[in-house]
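Chemist: Let me give you the structure first, and then I'll get to my questions.
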Amino acid sequence: MAQKLSAEAIKETRIAGGKRLAAAHKGVDRDKSYSIEEAVKLVKERAKAKFDETIEVAMNLGVDPKHADQMVRGVCNLPNGSGRTSRVAVFARGPKAEEAKAAGADLVGAEDLVDQVSKGTINFDRCIATPDMMGLVGRLGKVLGPRGLMPNPRVGTVTMDVVGAVKGAKGGSVEFRVEKAGIVHAGVGKASFTEKALAENIKAFVDAVVKAKPAGSKGNYLKKVSISSTMGPGVKIDATGLSGVQGQT
């Protein structure tokens, strides 16, 4: 049985956490938008956890995803990888199944894999399917959809190029989808990455989201961009200097 902490111990833990948070915020102007190089430097300096913190990008967009013509969704191939290893499942038969296995997919199957997933066993982070399998995979919408795992041709996860899709999922590709509040966010690297590698990944991700601007979005599309580490404060970026952003802010 876990030992119950005393009220004094809980108080000391909260005080210590508050001090760490205050120290992390020190030197960061919450009202200022920094250049991408300055922002990355500030975030890396404050990533002091005992694990390799994920560096995340959050983008506030001028869209209302309740409307179909304002949905933002896509995939970005990060030039320096994401720093995490994804478990990839592929729904395929015959030669395509063999290609997926050779490419490094963790799970490959057809009816057997559909049956496994339908029972609630989901041992993967990314999901790919060949077009001919979507009749079967479509039955899993209620299971995979809420988890953001349903294969979709718009993000390259319904494809005959299973080798490229598996390598992308295993390497540096990250999917993105706008949330109800008009926010897109994703992990784009680790605190152990160099500042140059993180800056390149962030630029690539922002560019991918800008290129995914829907036809129904009018006016100011890109409202705010900020980055943070898992345990650190958010730092706003001046997005006007990023490639492909001009005219979107």
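Since every read-out is calculated from the coordinates, none of them should be taken as a lab result. This one's a predicted model, so the numbers in the text were calculated from it and none came from an experiment. Neighbour counts are summed over all protein chains in view; Cβ atoms, including those assigned to glycine, are modelled from backbone coordinates with ideal geometry.
Chemist: What fraction of the DSSP beta bridges in the chain is antiparallel, stated in percent and rounded to the nearest 5?
Modeler: So the antiparallel bridges in the chain amount to around 70 percent.
Chemist: Starting from the eigenvalues of the Cα gyration tensor, five times each then square-rooted, give me the equivalent ellipsoid semi-axes of the chain, largest first, whole Å. Could the numbers behind the result be given before it?
Modeler: Numbers: eigenvalues 236, 127, 61 Å².
Here the semi-axes work out to 34, 25, 18 Å.
Chemist: For the pairs K66/K142; K167/K223; K44/K66; K170/K211, note any where the Cα-Cα span goes beyond 31 Å. The partial results should precede the final answer.
Modeler: Numbers: K66/K142 19 Å; K167/K223 33 Å; K44/K66 36 Å; K170/K211 23 Å.
Checking Cα-Cα distances, K167/K223; K44/K66 exceed 31 Å.
Chemist: List the residues, sorted by chain then number, that are 5 or more residues from I55 or on another chain and whose placed amide H is less than 5 Å from its amide H.
Modeler: Those qualifying (amide H under 5 Å, at least 5 residues apart or on another chain) are V188, G189, K190, A191.
Chemist: Note down the nm distance, to one decimal, between modelled labels 7 Å out along Cα→Cβ at T194 and at D132.
Modeler: Once both label points are built, they end up 4.5 nm from each other.
Chemist: So for the pair K119, E45, with labels modelled 7 Å out along Cα→Cβ, what separation do we get in nm?
Modeler: 5.4 nm
Chemist: Set the Förster radius R0 to 22 Å, insert the Cβ-Cβ distance between K211 and D69 as r into 1/(1 + (r/R0)^6), and round the FRET efficiency to 0.05.
Modeler: 0.85
Chemist: Pulled fully out, how much extra length does the chain show between N77 and K167, if you take 0.36 nm times their separation in residues and subtract their Cα-Cα distance? Before the final figure, lay out each step's value.
Modeler: Values: separation 90, 0.36 × 90 = 32.40 nm, distance 1.06 nm.
So the chain would gain 31.3 nm between N77 and K167.
Chemist: Compute the length gained on full extension between K32 and R147: take 0.36 nm times their separation in residues and subtract their Cα-Cα distance, giving the result in nm to one decimal.
Modeler: 37.9 nm
Chemist: Calculate for the chain the 222 nm mean residue ellipticity that helices alone would give, adding -39,500 (n - 2.57) per DSSP H run of length 4 or more and normalising by residue count, nearest 500 deg cm²/dmol.
Modeler: -9500 deg cm²/dmol
Chemist: Put a dot 7 Å past each Cα toward the Cβ at R87 and K224; how far apart are the dots in nm?
Modeler: About 3.6 nm, to one decimal.
Chemist: Let me ask something else about it. Long-range amide H contacts for N152: which residues qualify at under 5 Å (H placed 1.01 Å from N, peptide plane, sequence gap of 5 or more or a different chain)?
Modeler: Amide H neighbours of N152: T157, V158.
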